[in-house]
Amino acid sequence: MDTFNFSGGIHPPELKNQTKDLSIKEFPVPEKVVIPLSQHTGAPAIPIVQKGDIVVAGQKIGESQGKISANVHSSISGEVVDILPYNHPVVNKPVPAIIVKSDGKNFQIEIKKTYWDYYRYSPQDIIKVIQEAGIVGLGGAAFPTHVKLSPPKEKEIDTLLLNGCECEPCLTCDDRLMQENPKEIIEGMKIIMFILNIHKGIVVIEDNKKNAIEAINKIVFLEPNISVKIVKTKYPQGAEKQLIKTVLNREVPSGGLPFDVGVIVQNVGTSYAIYQAVVKGLPLTSRVITVAGDFISNPGNYRVPIGTLASDILSYCGYKPEEKPHKIIFGGPMMGISQGILDVPILKGTSGIIVQESKNIQFFSEYDNCIHCGKCVDVCPMELMPNFLSYYAEHMLWEKCKEFFPNDCIECGCCAYECPAKRPIVQHIKLAKFYLSKK
Amino acid sequence: MNQNIIVTISPHIKSKNTIQKVMLDVIIACIPVMLASFYFYKTNAIKLISACVFFSCATEYVFQKITKRKNTINDLSAVVTGILLAFCLPPKLPLWIAGLGAIFSIAVGKQIFGGIGYNPFNPALIGRAFLQVSWPKEMGYWTSPFDGITSATPLTISKLNLSEKLPDFFDMFLGNIPGSLGETSKIAIILGALYLLMRKQIKLYTPFSYILSAMVLSLILKSNPVFHILTGGLFLGAFFMATDPVTTPITNAGKIIFGIGCGFLTILIRIKGGFPEGVCYSILIMNMFTPIIDKITKVKRFGSER
């Protein structure tokens, strides 16, 4: 297969050695979980339990509303102690959440029906199962999967790309999942291919994950329609549009979606969740996260119930409140969000918690003038001109910003990584997007 | 709440590249040229370079103190300006004139516009242009290397059709000709440029299009192209001045347009204009076109119609 490439991109330090050889461990049932009703792109779910109700693990507690939304399920068994706005790691303001206090017994919901013989049903039935299980994209954006699997009729989709790139530094959860559950991942992939009636599936893995490639290859060689594509390690290789460009040399048009070029991209974690939901009948109540970084004595990859508080996870992993200044990052170091308080829950889209000792902390206001060096233009994977976007946003000239297409920005952070003046280019572009959307 | 938890914006890791390191690379790239000038002009070169560097740094410091701006002396850009200004001055220029040039470079060429990043013109060349019009006699006083005897530069000889013999191309390449401090030794300039290329601080688009277009136009105007690229400040201008990031276009296409413009203007001034040398003014003129060039050479973005 020919190898293509996307323009730009960077090679940040990988920092994966700390956790890449640690197998996935079950995280003990926490005392309480906080399950936000809005963990996904789209409308928040509506609570269908009340304060004082007894719930079991896997029971649906929030019903999706509207076209783009997802169900939420309790991840442990116990009592609903409260439904109130709670800290949220992404929105940074309190968002309605259901708090479940554990009874310590971790009762699982009774599985009524499994769809192991999914090919006997219609694709619509299977999409319903996935919707019922509350599955969202586990790569980070948390877009409801059942919506992604129901593209407009006129779009013809011919290829499924399964994204196992994991280009973010530090994170190893997808890597481990591919090594330990390759069979389930490929089975989930086949379910997606059945739903969309496509006959070409490609698992895309970066060349720094030798073990994962080997594990997937062992399963894939039995599957006639599925192949493995090894791509160069480069950030942001795992970004949807860049992935399609690299593997298939198709360019998603500006403002378009992958199905505009006949492709659907799913994360390996999502594929695993689809397998669990369809074949085992289990809703999405847990996910694998990487806990790594400084001050962590017990790093690793853990399968954590969704809604577990960061403070519980960190103290289990040997983190103690430190004297030295440090950051707690939800997600990877390139695109993750640093948290001010530890009393925040893990969401479906959270891929890791990274603790970072910050020796040279740079605050938002401390940056130099742009020296026009053009490094950001060279590395931008969307081939934008971040220097001008940043410059005009700094001076609040939003209309000027528009000429440089801020809405095409995928916020990968390559520009800010390379910038010698340490300008907060991504934030400037985010501001431009925000002000332009308000008009 | 834990006071030691810090919230900042993504990305949380950044490259070690800073403006200071960029400028340090330029200074390192200047070292071969400096050594060549020490070799050819002895103490004159040392005095001139130190005076220019001292006055640029002092001006930057004082200006930022008076205007109460953030002090940016640490980013070393004033040092670079000082060195580059000294490179384009005649070796026996009185130090007070050189000092005034450095003060003008930093104050009017850079700080008035808002400091590093906002200057529309190359500060070192602004300083040189200022000296050229204010003290034309001193700025036209050239001496030969080693012995310091008054002699005309090859460009002046060819411009005024003087009776002196032109040096051969090998001497021009080594730098054994009369001329400004840093412009004579082409081999030293190429060494410095190679370092900058290796460190990815410059791209070859501008220097190549500059030199090629200068050769093409001198051919059209029936002049010797090799003579034109080996004399005067063309190499220094092409590799050190026209590659200054702040005042030149950002895209590769823009850099090529910029280089072509510089090359054409340089040869036009040399052959048809009133001055024997045109590098300084051609780059300054093209600096003015940088915003327009940037505007017409926007990169084609991902997913747009190509």
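Derivation of every value follows stated rules applied to the coordinates shown; laboratory data play no part. This structure is a prediction, so every number in the text was calculated from the model and none was measured. Reconstructed Cβ throughout: ideal geometry from the backbone, glycine too, with neighbour counts over all protein chains shown.
Evaluate E = 1/(1 + (r/R0)^6) for A:GLN50 and A:VAL91, where r is the Cβ-Cβ distance and R0 equals 35 Å; express this FRET efficiency to the nearest 0.05. Mind showing how you got there, number by number?
Values: r = 24 Å, r/R0 = 0.69.
Calculated transfer efficiency: 0.90.
From the helices alone, meaning DSSP H stretches of at least four residues, give me the mean residue ellipticity at 222 nm for chain A, per-run term -39500 (n - 2.57), in deg cm²/dmol to the nearest 500. Don't skip to the answer; put the middle values down first.
Details: 13 runs with 114 residues, N = 439.
Roughly -7500 deg cm²/dmol at 222 nm, from the helical runs in chain A.
Helix-only mean residue ellipticity at 222 nm, chain B, DSSP H runs n ≥ 4 weighted -39,500 (n - 2.57), per residue, nearest 500. What is it?
On the way: 13 runs with 173 residues, N = 306.
-18000 deg cm²/dmol, from helical runs alone.
Evaluate E = 1/(1 + (r/R0)^6) for A:SER254 and B:LEU24, where r is the Cβ-Cβ distance and R0 equals 45 Å; express this FRET efficiency to the nearest 0.05.
Numbers: r = 39 Å, r/R0 = 0.87.
Rounded to the nearest 0.05, the efficiency is 0.70.
Taking loop as defined by DSSP and a crowding limit of 10 other beta carbons within 10 Å, which trypsin sites (Lys or Arg not before Pro) in segment B:1-101 fit?
Working: sites: B:LYS14, B:LYS16, B:LYS21, B:LYS42, B:LYS47, B:LYS65, B:LYS68, B:ARG69, B:LYS70, B:LYS92; in loops: B:LYS14, B:LYS16, B:LYS42, B:LYS68, B:ARG69, B:LYS70, B:LYS92.
Passing both the DSSP loop test and the Cβ count: B:LYS16, B:LYS68, B:LYS70.
Collect residues whose amide H, placed 1.01 Å from N in the peptide plane, falls under 5 Å from the amide H of A:LYS25; neighbours closer than 5 in sequence don't count.
A:ASN301, A:TYR302, A:ARG303
If R₀ is 35 angstrom, what is the calculated FRET efficiency for the pair B:LEU221 and B:ILE190, using the beta carbon separation as r and rounding to 0.05?
0.85
Counting only GluC sites (Glu not before Pro) that are in a DSSP loop and have at most 14 other C-beta atoms within 10 Å, tell me the longest site-free stretch of chain B.
In chain B, the maximal stretch lacking such sites is B:1-163.
Give the lysines reachable from A:LYS101 as a straight Cα distance under 16 Å; neighbours fewer than 8 places away on the same chain don't count.
A:LYS32, A:LYS51, A:LYS60
Whole-Hz Karplus ³J(HN,Hα) for segment A:81-90, in order, using 6.51 cos²θ - 1.76 cosθ + 1.60 and θ = phi - 60°, x for Gly and Pro?
8, 6, 10, 7, x, 9, 3, 10, x, 9
How big is the gap, in Å, between the Cα center of segment B:147-187 and the Cα center of segment B:194-211?
Between the Cα centres of segment B:147-187 and segment B:194-211 lies a distance of 25 Å.
Using the Karplus curve 6.51 cos²θ - 1.76 cosθ + 1.60 with θ = phi - 60°, what ³J(HN,Hα) values do you get for each residue of segment A:233-243, in whole Hz, with x for Gly and Pro?
Each residue's phi maps through the Karplus curve to give 6, 6, 9, x, 4, x, 5, 3, 5, 5, 5 Hz.
For A:ASN17 paired with B:ILE112, estimate the spin-label separation in nm (one decimal), with each label point 7 Å from Cα along the Cα-to-Cβ line.
5.5
Can you give me the long-range amide H partners of A:ILE61? Hydrogens built in the peptide plane at 1.01 Å from N, cutoff under 5 Å, separation of 5 or more residues or another chain.
Under 5 Å from the amide H of A:ILE61 lie the amide H atoms of A:VAL72, A:HIS73, A:SER74, each far enough along the sequence or on another chain.
Where does helix B:123-134 land angle-wise versus the long Cα axis of chain B, in degrees 0 to 90, nearest 10?
That works out to roughly 40 degrees.
I'd like the orientation of helix B:252-271 relative to chain B: the angle between its Cα long axis and the longest Cα principal axis, in ° from 0 to 90, rounded to 10.
Approximately 20 degrees, to the nearest 10.
Could you state the number of Å between the C-alpha centres of segment A:268-283 and segment A:174-217?
13
Could you pull out every residue, at least 5 positions away or on a different chain, whose amide H is within less than 5 Å of the one on A:GLY293? Hs are placed 1.01 Å off N in the peptide plane, and Pro or chain starts have none.
Answer set, sorted by chain and number: A:VAL355.
Which loop-located trypsin sites (Lys or Arg not before Pro) does segment B:236-298 contain, where loop means any DSSP state but H, G, I, E or B and the Cβ has at most 16 other Cβ atoms within 10 Å?
Values: sites: B:LYS255, B:ARG270, B:LYS272, B:LYS295, B:LYS298; in loops: B:LYS272, B:LYS298.
Answer by residue number: B:LYS272.
Beyond a 29 Å Cα-Cα separation, which of these cross-linked pairs lie in this structure: A:LYS348/A:LYS433; A:LYS153/A:LYS232; A:LYS25/A:LYS155?
Too far apart for the 29 Å limit: A:LYS153/A:LYS232; A:LYS25/A:LYS155.
I need the trypsin sites (Lys or Arg not before Pro) found in segment A:116-178, filtered to DSSP loop residues with at most 16 other beta carbons within 10 Å of theirs. Working shown, then result.
Numbers: sites: A:ARG120, A:LYS128, A:LYS148, A:LYS153, A:LYS155, A:ARG176; in loops: A:LYS153, A:LYS155.
For trypsin sites (Lys or Arg not before Pro) across segment A:116-178 that sit outside H, G, I, E and B with at most 16 neighbouring Cβ atoms in 10 Å, the list reads A:LYS153, A:LYS155.
From the phi angles alone, apply the Karplus equation (6.51, -1.76, 1.60; θ = phi - 60°) to segment B:195-206 and give each ³J(HN,Hα) in whole Hz, x where the residue is Gly or Pro.
Karplus-based 3J(HN,Hα) across segment B:195-206 equals 4, 4, 5, 4, 8, 6, 8, 10, 10, 7, 4, 5 Hz.
Below 8 Å between Cα atoms, with a sequence gap of 6+, how large is the relative contact order for chain B in percent? Could the numbers behind the result be given before it?
Working: 476 pairs, mean separation 51.9, N = 306.
This gives 17 percent for chain B.
If the reach is capped at under 26 angstrom between alpha carbons, list the lysines near B:LYS42, excluding any in the same chain fewer than eight residues apart.
B:LYS92, B:LYS137, B:LYS165, B:LYS186
Using Cα pairs closer than 8 Å and at least 6 residues apart in sequence, work out the relative contact order for chain A, in percent.
On the way: 996 pairs, mean separation 82.5, N = 439.
RCO, chain A: 19 percent.
Nearest-5 percent of antiparallel DSSP beta bridges in chain A? Present the calculation step by step, with values, prior to reporting the outcome.
Numbers: 37 of 61 bridges.
The antiparallel fraction comes to roughly 60 percent.
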